[in-house]
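A short worksheet on the structure shown next.
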Amino acid sequence: MTRKILVLGAGGFIGAHLVRRLANEGNEVHGADLKRSEFSASAAYRFMIADLRDPLACAEVFDRGYDEVYQLAADMGGAGYIFTGENDAQIMRNSAAINLNVVAACERTRAGRLFYSSSACIYPARNQVDPDHPDCSEDSAYPAAPDSEYGWEKLFSERLYLAQARNHGMLARIARFHNVFGPEGAWRGGREKAPAAICRKVAEARDGDEIEVWGDGEQTRSFLYVDECLEGSIRLARSDVTSPVNVGSDEMVSINQLVDMVAAIAGKRLSKRHISGPTGVRGRSSDNRFIEHSLGWRPSMPLRAGLEKTYGWIESQAHAVPA
Ligand code: NAD
């Protein structure tokens, strides 16, 4: 079945991959973003440059009736952008404005169903102090206490879409993404996340060098390869699951282990220098019991396999582009 699909944030990392995947399935995919992807030409049938904070621009993007809308547009970045505090007001205002405009446009055009990408950053900081046993089950989100304004905005927007579903019958599907990585993601410039930053540092290092790691490196995380993120997102979007679902890996590693894994892939012997930097919560990993129960599917690709693909891409970028 060919669907008419709108992807918001289509010029971003996950959005560009999602457009390609949906177009390859034979759908008519329309994309919108402030900018195009800097890494590849969009596979969209139509790509609209639009600032979704502007209600009129957002309304124009919804000039057709769509069967599915994937709302990925957000003011977004890695720990160096989200956790320093300097961008808090901008993050909240920009992303909340986008979501308020999108919910209104969906209602006006009677969009078929809406998929929203929330984040693991909504989970309470108190459940993520033990690096070996973080609790990120979906029902642990309340009483709410995210550790960043980015997380609070995501929680607000989850509730916005859920309220719209309750009061006006919107078909809203909500994923809580956990650290998605892969080729064509930001890898330098301040918005890159840990896997990309580490791949870049390792690619730029010579055998025997020392590389910088934020914090003591014992903080734990799980990382989801982008193809599995797409698979989970599309399955969820087309499901009848109405409550938020974790879309993440449960292969938890410390940042030090992540560095060692990337160094091994690169075939380099590297030592680590731990420096102060924004690190976020002490431990986080996806709890995949609910996704398995509700969708009959869960991510299963080993971290190492995704890192091999990502390292290869970042290494080629780092050697092609002057710093
Ligand atoms: P990204 O920054 O690459 O993509 C977001 C896109 O939104 C960007 O291309 C940006 O230009 C666009 N955008 C921002 N403001 C806009 C505006 N006013 N109008 C139109 N477009 C605008 O991020 P990503 O990693 O692809 O993430 C996609 C979504 O998934 C985001 O909502 C993000 O919060 C969420 N998420 C991602 C991760 C992850 O690990 N990548 C984890 C949790 C949640």
- What nm distance separates the two modelled labels at ASP240 and ASP227, each placed 7 Å from Cα along Cα→Cβ? 3.2 nm
- Note on the structure: Expressed in angstrom, Rg and Dmax over the Cα atoms of segment 51-134 are 15.9, 48
- Is the shape of segment 117-258 rounded, prolate or oblate, going by the alpha carbon gyration tensor and its root eigenvalues a ≥ b ≥ c, with a/c under 1.5 for rounded and a/b larger than b/c for prolate? prolate
- What order do you get for 214-223, 258-267 when each peptide is scored by the mean count of other beta carbon atoms within 10 Å, highest first? 214-223, 258-267
- Query: Given that compact globular proteins tend to follow 2.2 N^0.38 Å, what is the ratio of the alpha-carbon Rg of segment 96-154 to that value?
  - Reply: 1.43
- Query: Once fully extended, how much extra length lies between ASP67 and SER316, figured as 0.36 nm per residue of separation less the alpha-carbon to alpha-carbon distance?
  - Reply: 85.8 nm
- Volume per residue (Å³) of the convex hull spanned by the alpha carbons of segment 12-86 is 107 Å³
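What relative contact order, as a whole-number percentage, does the chain give when Cα pairs under 8 Å and 6 or more residues apart are counted? Numbers along the way, then the final one.
Working: 672 pairs, mean separation 57.9, N = 323.
Worked out over the chain, it gives 18 percent.
Once the convex hull of the C-alpha atoms of segment 1-141 is built, how many Å³ does it hold per residue, rounded to a whole number? Walk me through the intermediate numbers first.
On the way: hull volume 20.6 nm³, N = 141.
For segment 1-141, the hull spanned by Cα atoms encloses 146 Å³ per residue.
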- Message: Along its three principal axes, how long is the chain when you only count alpha carbons? Whole Å, largest extent first please.
- Response: 59, 44, 39
- Item | Between 0 and 90°, nearest 10: helix 303-320 axis offset from the chain longest Cα axis | 80 degrees
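Quick one: net charge of HIS30's neighbours, Cβ under 12 Å, K/R +1, D/E -1?
Working: positive: ARG3, LYS4, ARG46, ARG64; negative: GLU28, ASP33, GLU60, ASP63, ASP67, GLU68.
Summing Lys/Arg as +1 and Asp/Glu as -1 gives -2.
Computed from the coordinates by the stated procedures, all read-outs in this text should not be read as laboratory data. Because the structure is a prediction, the values reported are computed rather than measured. Please note: Cβ atoms are built from the backbone with ideal geometry, for glycine as well, and neighbour counts cover all protein chains shown.
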